[in-house]
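Undergrad: Quick one: structure below, then a few questions.
The values are calculated or read from the model by the stated rules, or taken from the named source; none is laboratory data. The structure displayed is predicted, hence computed values, not measured ones. Glycine also receives a Cβ, built like all others from the backbone with ideal geometry; neighbour counts cover every protein chain displayed.
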Amino acid sequence: MKRFSVLAILFLIISCKKSENSSQPISSSGPSKPALAQVEAIVADFQLVNQDLQLPGKLVAAEQIELHPEISAKVKDIYFKDAQIVSKNQLLVKLNDEELVARLKKLKTQEQLLKSNEQRQLELFKSKAIGQSEYEAILLQYKNVLSDIHIAETELRKFNIKAPFAGSLGFRNVSPGDFVTSSTVISTLTQIHPLKLRFSVPEQYSNRLIPNQKIQFSGENTNSEYSAMITSFSPFLNEESKSLDVLALVSNRDKSLRPGSYASIILKLDERPNRIFIPSQCIIPRIKDKQVALSKNGKVQFATVTVGFRDSARVEITNGINKGDTVISSGLMRLKPGMPIMITNLKPE
């Protein structure tokens, strides 16, 4: 009887163990898979590229000088106002020339007298009444006076300060009665038509510039567009910026532009079809090169690329990817080669 009770207890224990094992759920799917990284991507495709290079520039005067007298004298009259527009050779300031005028008048009187004497001596010389040396002496005196008159007239022109070119004057720095010297700045003169436009072009685009090429630009504080024509460019690159300095000529007949103001230049380089462009954020910069992340069969694959033209939002890929490649555009920092991904904004590959 006691043996029967022990067997019954063992049977109950084994039955309970089986019941516990049968109550646990059995997974039919095996071990769980890790979650896929979710990213966005674009499909590389050919585009027609109008290369409009936007560059900063500055308008400068074609000619700009300080007006100085050539001699020391007292200011007699002033014939201009502050910021006046003047024409070429317009008289601006007259210096006191009374002493030189009197000396010139005396020389011209001597010239008339010596001219009469020279003509009389010539007649006597022809009739052999006097010798050649006597005639040459009076002729030399006559020529000396003519030279003195020429020198005096040249000096007299220095007392009249004129505009060497048409332009706009600055503020007047002298008054009638002032004693001026060659170091005195009477005013400034700036040529405002035409103007020059200075700007620099990056080295990779410098070989596409040609003389007489037309460009467009807008002023710093205006939405109006203006045109200019490239007249010259530096024969060498700037050592610091590795760019080419360019000079263009701007018509300013309406005087709406001012020297010293900044400009935004649009340089149209050329049109090139079948170029692959991707968003700038797709580029992964490295020390020696640049890469992009591609999606190949649902996994990450990195490709080294060569970049070309850039604008504010896109970059041209000249080598490294092909048309139809899926380029990942988000979550780049957490990607690793071979990592499985899920593209959320495109249809499955």
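Undergrad: Go through the range 86-98 and count every residue that is within 30 Å of Pro259 (Cα to Cα) and exposed (fewer than 13 other Cβ atoms within 10 Å of the Cβ).
TA: 3
Undergrad: Now, a different point. Please work out if Ser261 is hydroxyl-bearing (Ser, Thr, Tyr) and either without any contact (Cβ under 8 Å) to a residue 60 or more places away in the chain or surrounded by fewer than 12 Cβ atoms within 10 Å (Cβ to Cβ) (or both).
TA: No, not satisfied.
Undergrad: Pro176 passes all but one of (1) of a type outside the set (Gly, Ala, Ser); (2) surrounded by fewer than 16 Cβ atoms within 10 Å (Cβ to Cβ); (3) in contact with a Pro (Cβ under 9 Å, 6 or more places away or on another chain); which number fails?
TA: Against the list (1) of a type outside the set (Gly, Ala, Ser); (2) surrounded by fewer than 16 Cβ atoms within 10 Å (Cβ to Cβ); (3) in contact with a Pro (Cβ under 9 Å, 6 or more places away or on another chain), Pro176 comes up short only on (3).
Undergrad: Moving to a separate point now. For Val101, only one of the following conditions fails: (1) out of contact with any strand residue (DSSP E or B) (no Cβ under 9 Å at 6 or more places or on another chain); (2) exposed (fewer than 14 other Cβ atoms within 10 Å of the Cβ); (3) free of Cβ contacts under 8 Å to residues at least 24 places away in the same chain. What is its number?
TA: Here Val101 clears every test but (3).
Undergrad: Suppose the filter is assigned to a loop (DSSP other than H, G, I, E, B) and without any contact (Cβ under 8 Å) to a residue 12 or more places away in the chain; does Ile130 pass it?
TA: On the way: assigned to a loop (DSSP other than H, G, I, E, B): yes; without any contact (Cβ under 8 Å) to a residue 12 or more places away in the chain: yes.
Against the criterion (assigned to a loop (DSSP other than H, G, I, E, B) and without any contact (Cβ under 8 Å) to a residue 12 or more places away in the chain), Ile130 qualifies.
Undergrad: Hey, can you tell me all the residues within the range 235-285 that are in a helix (DSSP H, G or I) and among the hydrophobic types (A, V, I, L, M, F, W, C)?
TA: Scanning the range 235-285 gives a single hit, Cys282.
Undergrad: Can you name the residue in the range 61-76 that is surrounded by fewer than 17 Cβ atoms within 10 Å (Cβ to Cβ) and β-branched (Val, Ile, Thr) and, of all such residues, is farthest from Gln204 (Cα to Cα)?
TA: The extreme case among them is Ile71.
Undergrad: Is it true that some residue in the range 320-330 is exposed (fewer than 13 other Cβ atoms within 10 Å of the Cβ), of a type outside the set (Lys, Arg) and either in the same structural domain as Glu203 (by TED's automatic domain parsing) or at pLDDT below 90 (or both)?
TA: no
Undergrad: So Glu155 fits all but one of (1) in contact with a helix residue (DSSP H, G or I) (Cβ under 7 Å, 6 or more places away or on another chain); (2) without any contact (Cβ under 8 Å) to a residue 60 or more places away in the chain; (3) of a type outside the set (A, V, I, L, M); what number is the exception?
TA: (2) is the only condition that Glu155 fails.
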